[in-house]
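This report concerns only the one structure given below.
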Amino acid sequence: MESMPYILGFDQWTHKHKDMMLISGPCSAESETQLRATTKALVATDKVDVLRAGVWKPRTRPHAFEGHGEKALQWLYNIKKDMQIPIAVEVAQPEHIDLALKYDIDILWIGARTTVNPFSVQALADALQGVKTTVLVKNPTHPEIGLWIGALERFYAAGIKRLMAVHRGFHSYHPSTYRNMPLWEIPIELKRRFPKLPLLVDPSHICGKRDTIATVSQQAMDLGMDGLMIESHYQPHNALTDAQQQLTPEDLNSLITSLKIRRQYINNLDTDYLSQMRLQIDKLDNELIRLLAQRLEIVEDIGRYKQANNIPVYQVERWRHVINNRLQEGKNQGVEEGFLLKLLQLIHKASIQRQTQL
Ligand code: PEP
Ligand code: MN
């Protein structure tokens, strides 16, 4: 597991819903009244493990509401004492960390706009050196898994062992029904590389609007993600930030109740069936790899022939023919065209590399 072998497994976390962790609360801490009313209703659902609230808000443009800062930390501290719920806030500067720790905040999260910047992340990691706390790292705003992993590694190296990642989608310049594109292949790859790292999904910031949050939450569960962070507010329409995407605690409760969470192993029958099918997949994958190796060997022979006869490695006509022919075959066999094209391009790239290396 690369350079973070000792991250605590998810089974070592406490969470109410036995199959996943739920963090909820307003986008921003707006007033003690708002926080109290929202938290009371969230606690009543008995489904929320951690209360979230932004006290410093990273706004895209200036002159918008930027959070109440230290004043809001005092509200959160009071609420935690009264309602016995762990609290999470976003920190973006070392001073934020000092203040959050002063007010006994349980979980610090690193926002997407911070994860993109290694200087900022390192400054936060330095401020956390020797501190025993829990850090959640949201993905960077653009789809670069290395930055996400790099931020996790910086906190890990500073001694933070209770780390979690949060998938909140990726910015796209193109119009889309999402506020941030889910690009599920990225969190899936993170999970493949760090299977013990708890990975939560933030459907609120992926969707940007209330009506699709349930669908994305279900997708997250279907993909085996470990929990959700969902924004909630006792009066969503009056919220000072992200009003379109916040749910009432009651709506959050129904959403969570309606989620279908498939446990990994239902009974022996299912595992037998699954292991048989997986055996077949293993065999087919090995066969695919054997065929690819065989193909590359022939490519190498052709490469030598081209070299000896002064023929260029790449010939556009031949490539065009290969693509058309294979896509037609793909159509006959029911293989999706976009997928096949990408695969052929990858194979072609590897073949060219083989020949140019000769
Ligand atoms: C937030 O959680 O309110 C927030 C600002 O999130 P992100 O960093 O994902 O944009
Ligand atoms: Mn928000």
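Read-outs throughout are calculated quantities, based only on the coordinates presented, and are distinct from any laboratory measurement. If you're wondering where the values come from, they're calculated on a predicted model, not measured in any experiment. FYI the Cβ positions are ideal-geometry reconstructions off the backbone, even for glycines, and counts take in every protein chain you see.
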Using only the Cα atoms of the chain, build the gyration tensor, take square roots of its eigenvalues as a ≥ b ≥ c, and label the shape rounded, prolate or oblate: rounded if a/c is under 1.5, else prolate if a/b is larger than b/c, else oblate. prolate
Normalising by the residue count of the range 174-242, find the relative contact order in percent from Cα pairs under 8 Å and 6+ residues apart. 33
Pick out which of PRO312, PRO26, PRO249 has the largest mean-square fluctuation in a Gaussian network model of the chain, springs linking Cα atoms closer than 10 Å. PRO312
For helix 213-222, report the angle its Cα long axis makes with the longest principal axis of the Cα atoms of the chain; keep it between 0 and 90° and round to the nearest 10°. 60
Rounded Å value of the spacing that divides the Cα centres of the range 81-154 and the range 192-229: 19
How would HIS174, HIS167 line up from fewest to most surrounding beta-carbon atoms within 10 angstrom? HIS174, HIS167
Top of ASN180, ASN253, ASN238 by mean-square fluctuation, Gaussian network on the chain, Cα under 10 Å: ASN238
Any idea how far apart ARG318 and SER172 come out in nm if each label point goes 7 Å out from Cα toward Cβ? 3.7
Fewest Cβ neighbours within 10 Å first, please rank VAL322, VAL116, VAL121 accordingly. VAL322, VAL116, VAL121
Most fluctuating of LEU252, LEU341, LEU279 in the GNM of the chain (C-alpha, under 10 Å) is LEU341
Please determine, in degrees from 0 to 90 and to the nearest 10, the orientation of helix 32-45 with respect to the longest principal axis defined by the Cα atoms of the chain, where the helix direction is its Cα long axis. 60
Taking the alpha-carbon distance from LYS81 and a cut-off under 17 Å, which lysines remain once sequence neighbours fewer than 8 residues away in the same chain are dropped? LYS40, LYS71, LYS102
Can you tell me how much longer the chain between GLN357 and MET277 gets when fully stretched, taken as 0.36 nm per residue apart minus their C-alpha distance, in nm with one decimal? 24.9 nm
To the nearest 500 deg cm²/dmol, what mean residue ellipticity at 222 nm is calculated for the chain from DSSP H runs of n ≥ 4 alone, each contributing -39,500 (n - 2.57), summed and divided by the residues? -16000 deg cm²/dmol
Nearest 10, in degrees from 0 to 90: the angle of helix 337-357 to the longest Cα principal axis of the chain is 60
Please give the direction-averaged projected area of the C-alpha convex hull for the range 255-358, in square nanometres with one decimal. 10.8
For each of GLU297, GLU30, count neighbouring Cβ atoms within 10 Å of the residue's Cβ, then give the residues from fewest to most. GLU297, GLU30
